[in-house]
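Please read the structure below before turning to the comments.
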């Protein structure tokens, strides 16, 4: 397909979708309301120059970083532009625009791709505004231990959501999931994907990329990075896997600070969290001492600081003194893994991160992190919201046009919209009909009441009871009329349901559920390039793209 013309992209307020927290909406549309919780205005050129200056001074060791990245990216398909970007990171003036995501099956939901597209869009913009070399970096997050979070993907098939799962029967806590080697069970997930995707001119190439990445014996993090590289191979995107002894060694000072003062970072996060709650904002993260995990051979366990000044691996009786853990950190830093609080700090300790491209949840938790960045002696990067997008296929646009609807009309629950559309389409205006009848009934009862009270004063209460009963019966009759009309509107129901499944599958936003392979199979892998041209790097609004 060719690049969508500008007229096919529409912008709508994120608040209109009813799917984002107030903090994120304010961040996108009213930054001054939340500015005290962030490093700077993500849209300000002066803030960008300040963030770039701080970022350039930050990396722990650029040469070790670059050498490690060259080794890692060789595994995933190192192209010349990526190699050049990695070499650029040796330049002390260079900065990075970073994003990242868990290693979801087949790259997970669409938002993984939107994060990447936004990151790539910002490179030239930041270079022009800061006068510095800018490198796009993708943080491959494979250290989480919740396998269920990354073991499923979803595509659409005949306007139904089809779940695709990879189930090799791993333990509840298998350790860093990215390290797990794919078993032969991956064939079942890939075959199910093949069955769900309809035949198309693009299917052979799409499935070839998937099968080449997701082979038995390949680690999950490597499969994820290889498939992502196949999507963006010409863009110089640099992937980084933090689960590397060389990078963990560079992160020792941060981890040591956490172990030597295990309550400090959590106290900073919790103090800011209270300030957010005082402003009626939600808090995304709850911190506790410490913010580190121990990576064993078969599990990943939180390191809890106890009242007797020792450390315990959560769920076990294994304990350490501070000196014992510090000795282990010196000897084997790869055994330590940051949690959601320390992860971005490790990232920005290693990389010259000037901007981080974040989803709504990440934007929210960065609001809690200002104090902990200060504690770590780091400058928080600017947080740029990723593109939030709804893709509207022609079959869905026809439904929207027919009933004069927009994407924002489709909320989590379809029932209210269906009723509104049915009522609007009814030849009889039910609301008007009953609105006209009710005053007449009230008027008749008002006239009747004094007359019956002349016969017996106690009958006034009976009149009011009768009024209440009549009103209940009228409302019941109204709903019966609406339901009868609904039964006659099977076509309307089917069309709205089709649009709802495509725009709000399982009640959630399309970008949080549907995998990109559904669209690449149907519209060509060139769709990603089309989106890079169609989407705007000003991500303050939700973008609706007709395809």
query = Scanning for something assigned by TED's automatic domain parsing to the domain that holds residue 373, under 19 Å from residue 177 (Cβ atoms) and part of a helix (DSSP H, G or I), does the range 344-351 turn up at least one residue?
reply = yes
inquiry  = Given the criterion on the phi < 0 side of the Ramachandran plot and assigned by TED's automatic domain parsing to the domain that holds residue 349, identify the matching residue among 235, 297.
reply    = 235
task = Please give the helices (runs of 4 or more DSSP H) falling wholly within the range 429-523 in which 3 or more residues are under 30 Å from residue 113 (Cβ atoms) and in contact with a helix residue (DSSP H, G or I) (Cβ under 8 Å, 6 or more places away or on another chain).
result = 490-503, 516-523
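Based on this model, can you work out whether residue 539 counts as under 26 Å from residue 402 (Cβ atoms), surrounded by 13 or more Cβ atoms within 10 Å (Cβ to Cβ) and either in contact (Cβ under 8 Å) with a residue 60 or more places away in the chain or not assigned by TED's automatic domain parsing to the domain that holds residue 205 (or both)?
no
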Unique residue being in a helix (DSSP H, G or I), out of contact with any helix residue (DSSP H, G or I) (no Cβ under 6 Å at 6 or more places or on another chain) and crowded, with 21+ Cβ neighbours inside 10 Å when the list is 224, 293, 255 = 224
inquiry  = Which of the numbered conditions does residue 364 fail, given that it passes all the others? Conditions: (1) under 28 Å from the mean Cα position of the chain (by Cα); (2) touching a residue at least 40 places away in the same chain (Cβ under 8 Å); (3) over 23 Å from residue 113 (Cα atoms).
reply    = (3)
remark   = Within the range 190-206, residues touching a residue at least 24 places away in the same chain (Cβ under 8 Å) and part of a helix (DSSP H, G or I) come out as 190, 192, 193, 196, 203, 205, 206
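Would you mind stating whether residue 136 is more than 18 Å from the chain's Cα centre (by Cα) and closer than 28 Å to residue 530 by Cβ?
Spelling it out, residue 136 is indeed more than 18 Å from the chain's Cα centre (by Cα) and closer than 28 Å to residue 530 by Cβ.
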Meets criteria (surrounded by 13 or more Cβ atoms within 10 Å (Cβ to Cβ) and assigned to a strand (DSSP E or B)) for residue 287 = no
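Specify which of the listed residues (265, 230, 273) is surrounded by 18 or more Cβ atoms within 10 Å (Cβ to Cβ), in the same structural domain as residue 79 (by TED's automatic domain parsing) and assigned to a helix (DSSP H, G or I). Show your work before the answer.
Details: 265 fails: in the same structural domain as residue 79 (by TED's automatic domain parsing); 273 fails: in the same structural domain as residue 79 (by TED's automatic domain parsing).
Of 265, 230, 273, the one residue that is surrounded by 18 or more Cβ atoms within 10 Å (Cβ to Cβ), in the same structural domain as residue 79 (by TED's automatic domain parsing) and assigned to a helix (DSSP H, G or I) is 230.
The values are calculated or read from the model by the stated rules, or taken from the named source; none is laboratory data. Remember, predicted model here, so these are calculated numbers, not experimental data. Using ideal geometry, Cβ is built from the backbone for each residue, glycine included, and neighbour counts are taken over all protein chains shown.
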